[in-house]
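Reviewing the structure listed below.
Values in this text are rule-based calculations from the coordinates and carry no lab data. What you see is a predicted model; the values in this text were computed from it and never measured. All Cβ positions, even for glycine, are placed from backbone atoms using ideal geometry, and neighbour counts span all protein chains on display.
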Amino acid sequence: MTHLNKLEAYQLSCVRDDRILFNELNFTLTSGQVLLIEGANGAGKTSLLRILTGFRRAESGHLLWNEELIENSVHFYEDAAYIGHNNGLKVALTAQENLRYAQALSSTTLTIDDAMAKVGLAGYQDTLVRLLSAGQQRRLALARLLCTHKPLWILDEPFTSLDRASIKLFEQFIETHANQGGLVIMTSHHETQLPHTLMQKIHL
Amino acid sequence: MFMRFIYKFSSPPYFYAISAKMLPWLTVLFLVLLGYGLYGGLVTAPADYQQGDSFRIIYVHVPAAWMSMFIYVVMAISGGIGLVWRIKLAEIVSISSASVGASFTFLALVTGSLWGKPMWGAWWVWDARLTSELILLFLYLGIIGLYSGIEDKRTASRAVAILALVGVVNIPIIHYSVEWWNTLHQGATVTKLDKPSIHIDMLIPLLFMAGAFKVYYFIALLLRSRNELLEREQNAKWIDELLENVK
Amino acid sequence: MKKTSSLLNAFSAVIKRDLLLAYRFRAELINPLAFFVMVITLFPLALGAEITLLKRIAPAIIWVAALLASLMSIENLFRADYDDGSLELMVMTPHPLSILVLAKVIGHWLISSVPLLFIAPLMGMMLHMETDIIGVLMLTLLLGTPVLSLIGGIAVALTLGLRKGGALLAILVLPLYVPILIFASSAIDAAMTGFAISGHLSMMCAILFLAITLTPLPTAAALKMSLS
């Protein structure tokens, strides 16, 4: 990734069911940085992520991706990837079929085999996703991030249903992604082991 | 200039204040138009040489049918404005129109059916206009159902706006197809009011009634919008100030 | 190393994936078909099996049944994608969502309506329709059912976030289905009474092209909204 990417938020606020979840939120995230969003249940973490993905409009304020409003930017959805509570996998398809579909929709970086080997799923290419464990499915979703060209990762609770070893693996990839010039926005209940030099934190 | 007025008018506190001032005047205007329209329509207009006095129901039926179409278009346009420029008041106007429009459509259907009895000897005839009106009622019901089905009211307004815009594109197609269906299946056996020569004494009260219905819609719209606005903005500062003043 | 995806690639990938999924769940393919056949069977049972009567109302029966079958199956158009998070994946691509939506609808039409086209002639024969009229019926179904799927897509996208969307879906969709039902059944009527049908068919073509170009836009907008 050669050029720098930048996500800027100005004066974001979010109202849900007549309750102000957050107000006048500002931040700037540039290539190589990780933004960790903390907060209790119901504080609006998922709502904020929904706003950052452009699915939900903020009550006020705006978001810029490389100096363009994200709702007008042609590049934002090309560059951003999102993993929510669901992995976005079709359980009736094999691991490989799922990844091939994702690659057909976006730009490709790694081959499917390489990406699956990286997340420790080598040899599972032709296994139906239904037969994978919850943790393996989560890792397959990570493999999808790795094999498509997506500088900006937006991750909602990426560590749920992962064992300790997998969390470690996941964190490693987040760190590598940031070091290679990627951007990561994530929410997490868990204490993360990511180096503090990379991190920004927002507490809702 | 015009845009500035729109922006000013669409700020909730300003709208709330000015609509309160407008309501009494509108009510007076409504009563005058309605009074003259009814008097002209029911008393001074001559009886129809074919239908006798039963034709007088057009003074309710025709304006109601006009309004049912008009309100749908208003709903779609204001919904579209809300969708594009995210003006809260436009969303509110859009959804507040829906039930008024549905009521007018229902009224047009009922009066049409009442009129049908002396004219055609049946309470319901699959006449092109009545059928279109019935489908229009379904479209309104869909809008109302969708709005009440979605919990988040901002999202609901946007969903309704999309549906209303789809409906507005479809209405001419539906209308045309129903008309075509009607000529195919029934031939020209029933025609009503297509006679271009309506007596001037009959026409003027009709126009007054149409005016009265428009003003009534405007009154109902303002009342509903004010309610909806209060409900949606219940946490806003200007409402607190308003309540302070009341005390 | 970086390989970009073309719109055509993405478009065909969406269709291919949905066809593959349908193949994996091939037992479910029979559902709309069985529904279609059963609704048609109900009519002779309710009306009596008088041949001249059935012959006259057969096109109407078949079309209403096709309409209901389409309404029933359209509910699944985005449901699974919404539930498992693939909808987000589909939105977050460099491609316009409306084009991908069109691919989804085409896939859905291939899966749920094309089988009806194959069984409709059989149904027509059971209702004593004449062979050349059955040909016209097939033509109207071919032109009409894609429109039903395209229009239904809007309503499905609008009701996606609702827990009890079923009945509401019918209220939203059925009024919009009226024109296509009218043009289709009047085309068949015209054929039965020996009039020219080209006018009706060109009207249906016009509606089809209008639907292909216009409906994906509100559907895409409603889908994005459902993700909020």
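Running Debye on chain C with equal point scatterers at the Cα sites and no solvent, what base-10 log of I(q)/I(0) appears at q = 0.11 Å⁻¹?
-0.58
With each label point set 7 Å from Cα along the Cα-Cβ vector, what nm distance links A:E67 and C:I99?
Placing both labels 7 Å beyond Cα along the Cβ direction yields 2.7 nm.
Which of the lysines could be linked to C:K3 by a straight reach, that is with a Cα gap under 29 Å, when you skip same-chain ones fewer than 8 residues away?
Straight-line reach from C:K3, under 29 Å: A:K6, A:K90, A:K118, A:K150, C:K16, C:K104, C:K224.
What is chain C's relative contact order, in percent, from Cα pairs under 8 angstrom and six or more apart in sequence?
Contact order relative to length: 26 percent.
Dipole size in debye (nearest 20) for segment A:6-203 around its Cα centre, Lys and Arg Cβ +1, Asp and Glu Cβ -1?
440
Please report A:W65, B:W66, B:W238 as a ranked list, fewest other C-beta atoms within 10 angstrom at the top and most at the bottom.
B:W238, B:W66, A:W65
Residue by residue through A:46-54, how many Cβ atoms from other chains fall within 10 Å of the Cβ on average?
That average works out to 2.
Calculate the spin-label point distance for A:H189 paired with C:T193, positioning each point 7 Å from the Cα along the beta-carbon direction, and give it in nanometres.
6.9
For chain C, give the magnitude of the charge dipole about the Cα centre (Cβ charges: +1 Lys/Arg, -1 Asp/Glu; no others), in debye to the nearest 20.
My answer is approximately 600 debye.
Below 8 Å, C-alpha to C-alpha, sequence gap of six or more: please give me the relative contact order for chain B in percent.
Computed value for chain B: 32 percent relative contact order.
Which whole-Hz ³J(HN,Hα) couplings does segment A:174-184 yield from phi under the Karplus relation 6.51 cos²θ - 1.76 cosθ + 1.60, θ = phi - 60°, glycine and proline marked x?
The phi angles translate into 4, 5, 4, 4, 5, 5, 7, x, x, 10, 10 Hz.
Compute the long axis of helix A:134-147 from its Cα atoms, compare it with the longest principal axis of the Cα atoms of chain A, and write down the angle in degrees, 0 to 90, nearest 10.
With both axes taken from Cα atoms, the answer is about 80 degrees.
With springs only between Cα atoms under 10 Å, which of B:I150, B:I219, B:I87 fluctuates most in a Gaussian network model of chain B?
Among B:I150, B:I219, B:I87, the largest mean-square fluctuation in the Gaussian network model of chain B belongs to B:I150.
Between A:H75 and A:Q180, what is the label-point separation in nm under the 7 Å Cα-to-beta-carbon projection?
1.9
Excluding residues fewer than 8 places away in the same chain, name every one of the aspartates and glutamates whose C-alpha is closer than 18 Å to that of B:K153.
A:D17, A:D18, A:E59, B:E91, B:E228, B:E231, B:E233
In whole Å, what are the Cα extents of segment C:55-159 along the three principal axes, biggest one first?
51, 21, 17
How high is the relative contact order of chain A, in percent, counting Cα pairs under 8 Å that sit 6 or more residues apart?
Once normalised by length, the contact order is 30 percent.
Could you put C:F35, C:F195 in order, starting from the residue whose Cβ has the fewest other Cβ atoms within 10 Å?
Going from least to most buried by this count: C:F195, C:F35.
Whole angstrom only: what separates the Cα centroid of segment C:105-171 from the Cα centroid of segment B:6-74?
Here the answer is 43 Å between Cα centres.
How big, on average over all directions, is the shadow cast by the Cα convex hull of segment A:96-143, in nm²?
Averaged projected area of segment A:96-143's Cα convex hull equals 3.0 nm².
Residues with amide H under 5 Å of B:D152's amide H, sequence separation 5 or more or different chain, H placed in the peptide plane at 1.01 Å from N; which?
none
List the residues whose amide H sits under 5 Å from the amide H of A:S60, counting only those 5 or more places along or on another chain, with H placed 1.01 Å from N in the peptide plane.
Amide H neighbours of A:S60: A:S13.
Let me know the Rg and Dmax you get for chain A when you use only its Cα atoms, in Å.
16.7, 50
What do you get for the angle between helix B:200-232 and the principal long axis of chain B? Use alpha-carbon atoms, 0 to 90 degrees, nearest ten.
With both axes taken from Cα atoms, the answer is about 30 degrees.
Which Cα, out of B:A17, B:Y72, B:I162, lies furthest along the positive dipole direction of the protein assembly as shown (beta carbon charges, K/R +1, D/E -1)?
The listed residue farthest towards the positive side: B:A17.
Mind running the shape call on chain B? Use the C-alpha gyration tensor, a ≥ b ≥ c as the square roots of the eigenvalues: rounded below 1.5 for a/c, prolate if a/b tops b/c, oblate otherwise.
Cα axes put chain B in the oblate bin.
What is the calculated FRET efficiency for C:K16 to B:L114, with r their C-beta to C-beta distance and R₀ = 51 Å, to the nearest 0.05?
It comes out at approximately 0.30.
Run through the DSSP bridge list for the protein assembly as shown and note the antiparallel percent, rounded to the nearest 5.
The antiparallel fraction comes to roughly 50 percent.
Please give the FRET efficiency for A:S161 paired with B:L207, using the beta carbon to beta carbon distance and R0 = 60 Å, rounded to the nearest 0.05.
With a Förster radius of 60 Å, E is 0.30.
Using the structure shown, select from B:K8/B:K88; A:K45/A:K201; B:K117/C:K55 the pairs with a Cα to Cα distance greater than 22 angstrom.
Going by Cα-Cα distance, B:K117/C:K55 fall outside the 22 Å limit.
Picking from A:A115, A:A80, A:A104, which is most flexible by a Gaussian network model of chain A using Cα springs under 10 Å?
Comparing A:A115, A:A80, A:A104 in a Gaussian network model of chain A, the most mobile one is A:A104.
State the volume of the convex hull built on the alpha-carbon positions of segment B:57-201, expressed per residue in Å³ and rounded to an integer.
Hull volume normalised by residue count: 120 Å³.
Just to compare against my own numbers: the Cα pair-distance distribution for segment C:1-89, 5 Å bins, whole % per bin, please.
Histogram of Cα-Cα distances, whole percents per bin: 3, 11, 14, 17, 13, 11, 9, 8, 6, 4, 2, 1, 1, 0, 0.
Stokes-Einstein at 10 °C, 1.306 mPa s, Kirkwood radius from Cα pairs: D for segment B:46-140 in µm² s⁻¹?
Rounded, D is 110 µm²/s.
Got a sec? How would C:M126, C:M90, C:M192 order by Cβ neighbour count within 10 Å, fewest to most?
C:M126, C:M192, C:M90
Beyond 49 Å, how much of the Cα-Cα pair distribution for the protein assembly as shown remains, as a whole percent?
It works out to 26 percent of all Cα pairs.
Nearest 10 degrees, 0 to 90: what angle lies between the long axis of helix B:88-120 and the longest principal axis of chain B (Cα atoms)?
20
What is the dipole size for segment A:35-95, taken about its Cα centre, with +1 at each Lys and Arg Cβ and -1 at each Asp and Glu Cβ, in debye to the nearest 20?
380
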